[in-house]
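Heads up, the thing below is written out as structure tokens.
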Amino acid sequence: MEVADYIPPFAQWRSVASGSASGRFLEQTIFKMTEKEKMLHQMMYDANNNTDLIEERKVAKELCYDFNHLRPSDIVGQQKIMRKLLGKTAGDSFTIVAPFWCDYGYNIEIGENFFANHNTVILDGAKVKFGNNVFVAPNCGFHTAGHPIDAERRNRGLEYAYPITVGDNVWIGAGVQVMPGVTIGSNVVIGGGSVVVKDIPSNVVAVGNPCRVLRPITDEDKLKSWDRE
């Protein structure tokens with residue numbers, strides 16, 4: 001989904017019920033929504049001036065700080081903080097290598113055998129879901145947050161957040177940046193340095209800026225020897 005193609009739910013409501021009693025009710029409802037509710041409904045919201053969201057980000061950053069300053073050998077302490085920070089962790093088989101940063105934490109869900117290397121950044125204004133057996137190389141970012149193209153609204157602190165989903169058995173190469181609203185399928189390899197702005201289907205190798213499908217992953221890949229002669 002392209003950002004330009006996205007129509008916020010409120011805009012859809014107005015187009016369906018404009019001028020009707022139900023339309024007026026929906027307009028009144030939107031004005032009563034909190035900035036967090038707008039954020040979670042993929043609508044424009046004030047991220048920079050809302051005290052509730054600012055406080056939630058402070059809590060998450062404090063937990064990230066505590067995590068990043070633990071000794072590498074303190075696996076129990078690391079997992080304890082991550083279970084408190086993240087919205088969902090599947091089982092005990094996950095590893096996140098410091099430093100790690102996120103905005104809220106509660107919008108992040110990781111599957112079994114999740115691994116994230118140094119300098120992973122997740123801006124989780126919207127849900128960020130990882131399946132099972134996802135490997136994330138160093139210096140990767142998953143960015144649900146975006147800003148209006150026009151400076152006037154952007155300077156007022158308005159932004160949006162679209163969810164990111166990563167399937168099972170995915171390897172994200174070093175320095176990859178995943179943009180708002182992207183879904184990456186299962187059994188996928190994303191080449192290092194890629195900028196992923198559109199959905200990537202399952203069972204492919206994809207690379208580039210913007211990231212594009214390079215080739216399918218087939219049974220022949222299981223036969224390749226990676227021993228360097």
- C-alpha center-to-center spacing [the stretch 110-141, the stretch 161-229] in angstrom: 13 Å
- Built amide H within the under 5 Å cut-off of Asn169, gap 5+: Asn132, Asn133, Val134, Asn187
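So for Asp74, Asp124, Asp150, fewest C-beta neighbours within 10 Å to most, what's the order?
Working: Asp74 12, Asp124 25, Asp150 9.
With the sparsest Cβ surroundings first, the list reads Asp150, Asp74, Asp124.
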- Query: Which one of Ile108, Thr51, Pro201 is farthest out on the positive end of the charge dipole of the chain, using unit charges on Cβ (Lys, Arg +1; Asp, Glu -1) and the Cα centre as origin?
  - Reply: Thr51
- Item | Packing-based exposure ordering (other Cβ within 10 Å, fewest first) of Tyr162, Tyr104 | Tyr162, Tyr104
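Counting alpha carbon pairs within less than 8 Å and at least 6 residues apart, what relative contact order, in whole percent, applies to the chain? Please list the in-between numbers first.
Values: 513 pairs, mean separation 29.4, N = 229.
With pairs under 8 Å counted, the relative contact order is 13 percent.
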- For the stretch 100-115, in residue order, the Karplus 3J(HN,Hα) values (coefficients 6.51, -1.76, 1.60; θ = phi - 60°; whole Hz; Gly and Pro = x) are 9, 9, 8, 8, 10, x, 5, 8, 9, 10, 10, x, 5, 6, 7, 9
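For the stretch 172-227, give the magnitude of the charge dipole about the Cα centre (Cβ charges: +1 Lys/Arg, -1 Asp/Glu; no others), in debye to the nearest 20.
Values: 5 positive and 5 negative charges, 36 e Å.
Value, rounded to 20: 180 debye.
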- If you rank Lys224, Lys127 by fewest surrounding Cβ atoms within 10 Å, what's the result? Lys224, Lys127
- Helix-derived mean residue ellipticity, 222 nm - over the chain, DSSP H n ≥ 4, -39500 (n - 2.57), to 500: -8000 deg cm²/dmol
- Relative contact order for the stretch 78-211 using alpha-carbon pairs under 8 Å, separation at least 6, rounded to a whole percent? 16 percent
- Cα pair count fraction exceeding 29 Å, expressed as % - the chain: 35 percent
- Note on the structure: Karplus ³J(HN,Hα) for the stretch 158-175 (6.51 cos²θ - 1.76 cosθ + 1.60, θ = phi - 60°; Hz, whole; x = Gly/Pro) runs 7, 8, 9, 9, 10, x, 10, 10, 10, x, 8, 6, 10, 10, 9, x, 4, x
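Only the coordinates and a few stated rules stand behind these numbers; no lab work does. Small disclaimer: the values here were computed from a predicted structure and weren't measured. Note that each Cβ is placed from the backbone with ideal geometry, even for glycine, and that neighbours are counted across all protein chains shown.
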